[in-house]
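First comes the structure, then the notes that go with it.
The values are calculated or read from the model by the stated rules, or taken from the named source; none is laboratory data. Just so it is clear, the structure is predicted and the values come from calculations on it, not from any experiment. Positions of Cβ are generated from backbone atoms using ideal geometry, with glycine treated the same way; all protein chains shown enter the neighbour counts.
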Amino acid sequence: MFLEKINNYNNILKLLKIKYMKKCDICHGNGIIKKNDDYIMCECVKKAQIISRLISNGFPKKYIDYKLDKINEILSNINDIENIQNFYEDINNKNLLILSDNKTNIIKLESMLSNDLSFRKNDKNNYFNILFVTAEDIIQTYSNVRFSNDKNKMDKILFNVDILILNFIGNESESKTTNYGRKYINNLITSRIFDCKTTIISATSNLLTNTNYYGDDFLNLLNENFYILKLDNINDTLINLKEN
(Lines give C-alpha, C1' and ligand atoms only; values in the text may rest on other atoms or scores of the structure.)
Protein backbone atom coordinates (compact mmCIF):
# COMPACT_ATOMS: atom_id res chain seq x y z
CA MET A 1 0.00 0.00 0.00
CA PHE A 2 1.12 3.57 -0.62
CA LEU A 3 1.10 4.31 3.13
CA GLU A 4 3.87 1.74 3.62
CA LYS A 5 5.98 3.31 0.86
CA ILE A 6 5.72 6.73 2.50
CA ASN A 7 7.02 5.27 5.75
CA ASN A 8 10.20 4.18 3.91
CA TYR A 9 11.37 7.78 3.37
CA ASN A 10 14.21 7.74 5.91
CA ASN A 11 15.74 4.56 4.51
CA ILE A 12 15.73 5.95 0.98
CA LEU A 13 17.14 9.28 2.16
CA LYS A 14 20.04 7.58 3.92
CA LEU A 15 21.12 5.86 0.71
CA LEU A 16 20.65 8.88 -1.56
CA LYS A 17 22.53 11.24 0.74
CA ILE A 18 25.54 8.97 0.52
CA LYS A 19 25.18 8.75 -3.26
CA TYR A 20 24.85 12.48 -3.95
CA MET A 21 27.31 13.68 -1.31
CA LYS A 22 29.95 11.32 -2.65
CA LYS A 23 29.67 12.85 -6.13
CA CYS A 24 29.34 16.47 -4.99
CA ASP A 25 32.10 18.86 -6.11
CA ILE A 26 30.81 21.60 -3.82
CA CYS A 27 30.82 20.02 -0.35
CA HIS A 28 33.13 17.10 -1.25
CA GLY A 29 31.02 14.64 0.71
CA ASN A 30 30.51 16.74 3.86
CA GLY A 31 26.90 17.70 3.20
CA ILE A 32 27.46 21.25 4.47
CA ILE A 33 29.25 24.27 3.07
CA LYS A 34 30.50 27.51 4.60
CA LYS A 35 28.69 30.66 3.56
CA ASN A 36 29.91 33.92 5.01
CA ASP A 37 30.42 33.08 8.69
CA ASP A 38 27.89 30.29 8.82
CA TYR A 39 27.50 26.69 7.66
CA ILE A 40 24.52 25.70 5.53
CA MET A 41 23.19 22.52 3.99
CA CYS A 42 24.67 21.71 0.60
CA GLU A 43 22.41 21.48 -2.45
CA CYS A 44 23.31 17.80 -2.82
CA VAL A 45 21.56 17.06 0.49
CA LYS A 46 18.49 19.06 -0.54
CA LYS A 47 18.41 17.08 -3.79
CA ALA A 48 18.59 13.82 -1.84
CA GLN A 49 15.70 14.95 0.39
CA ILE A 50 13.49 15.96 -2.54
CA ILE A 51 14.12 12.83 -4.59
CA SER A 52 13.76 10.56 -1.55
CA ARG A 53 10.35 12.05 -0.89
CA LEU A 54 9.38 11.59 -4.54
CA ILE A 55 10.38 7.92 -4.51
CA SER A 56 8.74 7.17 -1.16
CA ASN A 57 5.63 8.91 -2.53
CA GLY A 58 5.39 6.44 -5.38
CA PHE A 59 7.47 8.10 -8.11
CA PRO A 60 8.79 5.49 -10.62
CA LYS A 61 12.57 5.21 -10.14
CA LYS A 62 13.04 4.39 -13.82
CA TYR A 63 12.20 7.97 -14.78
CA ILE A 64 13.99 9.85 -12.01
CA ASP A 65 16.15 11.66 -14.58
CA TYR A 66 13.37 12.28 -17.10
CA LYS A 67 13.23 15.98 -17.93
CA LEU A 68 10.82 18.19 -19.83
CA ASP A 69 13.26 18.47 -22.74
CA LYS A 70 12.00 14.99 -23.70
CA ILE A 71 8.39 16.13 -23.97
CA ASN A 72 8.47 15.85 -27.79
CA GLU A 73 8.69 12.07 -27.31
CA ILE A 74 5.19 12.16 -25.83
CA LEU A 75 3.50 15.17 -27.40
CA SER A 76 3.71 16.08 -31.08
CA ASN A 77 1.04 18.79 -31.16
CA ILE A 78 2.64 22.19 -30.51
CA ASN A 79 -0.56 23.46 -28.83
CA ASP A 80 -0.47 20.58 -26.37
CA ILE A 81 3.17 21.29 -25.57
CA GLU A 82 2.44 24.98 -24.98
CA ASN A 83 -0.56 24.17 -22.79
CA ILE A 84 1.47 21.76 -20.68
CA GLN A 85 4.22 24.36 -20.32
CA ASN A 86 1.64 26.91 -19.17
CA PHE A 87 0.22 24.32 -16.79
CA TYR A 88 3.45 23.60 -14.94
CA GLU A 89 4.72 27.18 -15.01
CA ASP A 90 1.80 28.17 -12.77
CA ILE A 91 0.56 24.96 -11.18
CA ASN A 92 -1.53 26.51 -8.41
CA ASN A 93 -5.27 25.79 -8.54
CA LYS A 94 -4.93 23.85 -11.80
CA ASN A 95 -5.97 20.30 -12.62
CA LEU A 96 -4.98 18.01 -15.47
CA LEU A 97 -6.71 14.93 -16.89
CA ILE A 98 -4.52 12.76 -19.14
CA LEU A 99 -6.40 10.36 -21.40
CA SER A 100 -4.46 7.55 -23.05
CA ASP A 101 -4.39 3.79 -23.46
CA ASN A 102 -0.58 3.96 -23.42
CA LYS A 103 0.23 3.77 -19.71
CA THR A 104 3.96 4.14 -20.29
CA ASN A 105 3.50 7.52 -21.98
CA ILE A 106 1.24 8.64 -19.14
CA ILE A 107 3.91 7.83 -16.56
CA LYS A 108 6.65 9.45 -18.66
CA LEU A 109 4.73 12.72 -18.95
CA GLU A 110 3.87 12.78 -15.25
CA SER A 111 7.49 12.03 -14.39
CA MET A 112 8.71 14.96 -16.50
CA LEU A 113 6.31 17.31 -14.75
CA SER A 114 7.13 15.98 -11.29
CA ASN A 115 10.90 16.16 -11.77
CA ASP A 116 10.46 19.86 -12.44
CA LEU A 117 7.72 20.69 -9.93
CA SER A 118 9.32 18.88 -7.00
CA PHE A 119 12.15 21.45 -7.00
CA ARG A 120 9.72 24.38 -6.95
CA LYS A 121 8.14 25.92 -3.87
CA ASN A 122 4.50 26.38 -2.94
CA ASP A 123 2.90 29.50 -1.48
CA LYS A 124 4.19 28.50 1.97
CA ASN A 125 7.76 28.49 0.64
CA ASN A 126 8.03 24.71 0.97
CA TYR A 127 9.00 22.40 -1.88
CA PHE A 128 5.95 20.91 -3.56
CA ASN A 129 4.98 17.57 -2.07
CA ILE A 130 3.85 15.24 -4.88
CA LEU A 131 2.13 11.89 -4.37
CA PHE A 132 1.84 9.18 -7.05
CA VAL A 133 -0.90 6.62 -6.42
CA THR A 134 -3.17 4.42 -8.52
CA ALA A 135 -6.92 4.27 -8.13
CA GLU A 136 -6.50 0.55 -7.42
CA ASP A 137 -4.10 1.30 -4.55
CA ILE A 138 -6.46 3.86 -3.02
CA ILE A 139 -9.37 1.43 -3.16
CA GLN A 140 -7.34 -1.44 -1.69
CA THR A 141 -5.90 0.80 1.04
CA TYR A 142 -9.33 2.21 1.84
CA SER A 143 -10.69 -1.32 2.15
CA ASN A 144 -7.91 -2.26 4.59
CA VAL A 145 -7.91 0.84 6.82
CA ARG A 146 -11.44 2.27 6.75
CA PHE A 147 -12.21 0.94 10.23
CA SER A 148 -8.78 1.68 11.73
CA ASN A 149 -6.78 4.68 12.92
CA ASP A 150 -4.82 4.62 9.64
CA LYS A 151 -7.93 5.96 7.90
CA ASN A 152 -7.21 9.42 9.37
CA LYS A 153 -3.62 9.22 8.15
CA MET A 154 -4.82 8.23 4.68
CA ASP A 155 -7.29 11.13 4.57
CA LYS A 156 -4.70 13.65 5.75
CA ILE A 157 -2.21 12.62 3.06
CA LEU A 158 -4.60 12.36 0.10
CA PHE A 159 -6.74 15.40 0.83
CA ASN A 160 -3.86 17.73 1.76
CA VAL A 161 -0.86 16.81 -0.41
CA ASP A 162 0.19 19.71 -2.67
CA ILE A 163 -0.07 17.74 -5.91
CA LEU A 164 -1.92 14.42 -6.13
CA ILE A 165 -1.21 12.27 -9.20
CA LEU A 166 -3.97 9.68 -9.39
CA ASN A 167 -3.35 7.07 -12.07
CA PHE A 168 -5.48 4.69 -14.13
CA ILE A 169 -8.84 5.61 -12.68
CA GLY A 170 -11.46 3.24 -14.08
CA ASN A 171 -9.05 0.30 -14.27
CA GLU A 172 -9.71 -0.99 -10.77
CA SER A 173 -10.41 -4.68 -10.17
CA GLU A 174 -13.91 -5.51 -8.96
CA SER A 175 -14.49 -6.59 -5.36
CA LYS A 176 -17.08 -6.22 -2.62
CA THR A 177 -15.58 -2.91 -1.52
CA THR A 178 -14.79 -1.41 -4.93
CA ASN A 179 -17.92 0.76 -5.04
CA TYR A 180 -17.14 2.17 -1.57
CA GLY A 181 -13.62 2.94 -2.75
CA ARG A 182 -14.90 4.67 -5.87
CA LYS A 183 -17.18 6.86 -3.74
CA TYR A 184 -14.14 7.73 -1.65
CA ILE A 185 -12.20 8.72 -4.78
CA ASN A 186 -15.16 10.78 -6.01
CA ASN A 187 -15.31 12.63 -2.68
CA LEU A 188 -11.52 13.05 -2.66
CA ILE A 189 -11.39 14.68 -6.09
CA THR A 190 -14.43 16.86 -5.37
CA SER A 191 -12.90 18.05 -2.11
CA ARG A 192 -9.55 18.85 -3.72
CA ILE A 193 -11.29 20.85 -6.44
CA PHE A 194 -13.17 22.97 -3.90
CA ASP A 195 -10.04 23.37 -1.76
CA CYS A 196 -8.03 24.52 -4.83
CA LYS A 197 -5.60 21.59 -4.50
CA THR A 198 -3.85 20.58 -7.71
CA THR A 199 -4.75 17.12 -8.98
CA ILE A 200 -3.44 15.24 -12.01
CA ILE A 201 -5.54 12.25 -13.08
CA SER A 202 -4.85 9.69 -15.77
CA ALA A 203 -7.42 7.39 -17.32
CA THR A 204 -7.70 4.93 -20.17
CA SER A 205 -10.72 4.47 -22.42
CA ASN A 206 -12.02 2.10 -19.74
CA LEU A 207 -13.26 5.04 -17.68
CA LEU A 208 -15.11 6.52 -20.63
CA THR A 209 -16.64 3.34 -22.07
CA ASN A 210 -17.79 2.12 -18.66
CA THR A 211 -19.38 5.27 -17.29
CA ASN A 212 -21.26 3.23 -14.71
CA TYR A 213 -17.93 2.96 -12.85
CA TYR A 214 -18.15 6.55 -11.65
CA GLY A 215 -21.18 7.98 -13.43
CA ASP A 216 -21.87 10.87 -15.79
CA ASP A 217 -21.89 13.40 -12.94
CA PHE A 218 -18.29 12.49 -12.17
CA LEU A 219 -17.24 12.86 -15.81
CA ASN A 220 -18.94 16.26 -15.90
CA LEU A 221 -17.02 17.25 -12.77
CA LEU A 222 -13.76 16.38 -14.52
CA ASN A 223 -14.89 18.13 -17.67
CA GLU A 224 -15.63 21.38 -15.87
CA ASN A 225 -12.56 21.52 -13.65
CA PHE A 226 -9.69 19.82 -15.51
CA TYR A 227 -7.64 20.66 -18.54
CA ILE A 228 -8.01 17.53 -20.68
CA LEU A 229 -5.04 16.22 -22.64
CA LYS A 230 -5.36 13.29 -25.04
CA LEU A 231 -2.21 11.32 -25.86
CA ASP A 232 -3.92 9.13 -28.44
CA ASN A 233 -7.21 8.58 -30.21
CA ILE A 234 -9.62 8.23 -27.33
CA ASN A 235 -13.22 8.68 -28.45
CA ASP A 236 -14.12 12.38 -28.41
CA THR A 237 -17.84 11.69 -28.20
CA LEU A 238 -17.55 10.33 -24.69
CA ILE A 239 -16.22 13.49 -23.11
CA ASN A 240 -16.33 17.12 -24.23
CA LEU A 241 -12.71 18.09 -24.70
CA LYS A 242 -11.90 21.68 -23.81
CA GLU A 243 -10.66 24.00 -26.50
CA ASN A 244 -6.89 24.59 -26.58
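In the set (1) in the same structural domain as residue 106 (by TED's automatic domain parsing); (2) modelled with pLDDT of 95 or more, the condition left unmet by residue 66 is number (2).
Regarding segment 103-120, can at least one residue be identified that is free of Cβ contacts under 8 Å to residues at least 40 places away in the same chain and surrounded by fewer than 16 Cβ atoms within 10 Å (Cβ to Cβ)? Talk me through it step by step, then tell me what you get.
First, the residues of segment 103-120 that are free of Cβ contacts under 8 Å to residues at least 40 places away in the same chain: 104, 120.
After this cut, where a residue has to be surrounded by fewer than 16 Cβ atoms within 10 Å (Cβ to Cβ) as well, the list is 104, 120.
Yes; the residues of segment 103-120 include at least one that is free of Cβ contacts under 8 Å to residues at least 40 places away in the same chain and surrounded by fewer than 16 Cβ atoms within 10 Å (Cβ to Cβ).
Hey, any hits in segment 49-56 for a residue that's free of Cβ contacts under 8 Å to residues at least 12 places away in the same chain and of a type outside the set (Asp, Glu)? Looking through segment 49-56, none of the residues is free of Cβ contacts under 8 Å to residues at least 12 places away in the same chain and of a type outside the set (Asp, Glu). Of all residues in segment 127-178, those that are touching a Lys or Arg at 6+ places or on another chain (Cβ under 8 Å) and among the basic types (Lys, Arg) total 0. Reported count of residues in segment 1-48, each being within 16 Å of residue 119 (Cβ to Cβ) and in contact with a Phe, Trp or Tyr (Cβ under 8 Å, 6 or more places away or on another chain), is 4. Sub-9 Å Cβ pairs linking a first residue in segment 162-186 that is in the same structural domain as residue 207 (by TED's automatic domain parsing) to a second residue that is hydrophobic (A, V, I, L, M, F, W, C) and part of a loop (DSSP other than H, G, I, E, B), at least 6 apart or interchain, are 162/91; 162/128; 163/91; 163/128; 165/59; 182/169; 185/169, ordered by first then second residue.
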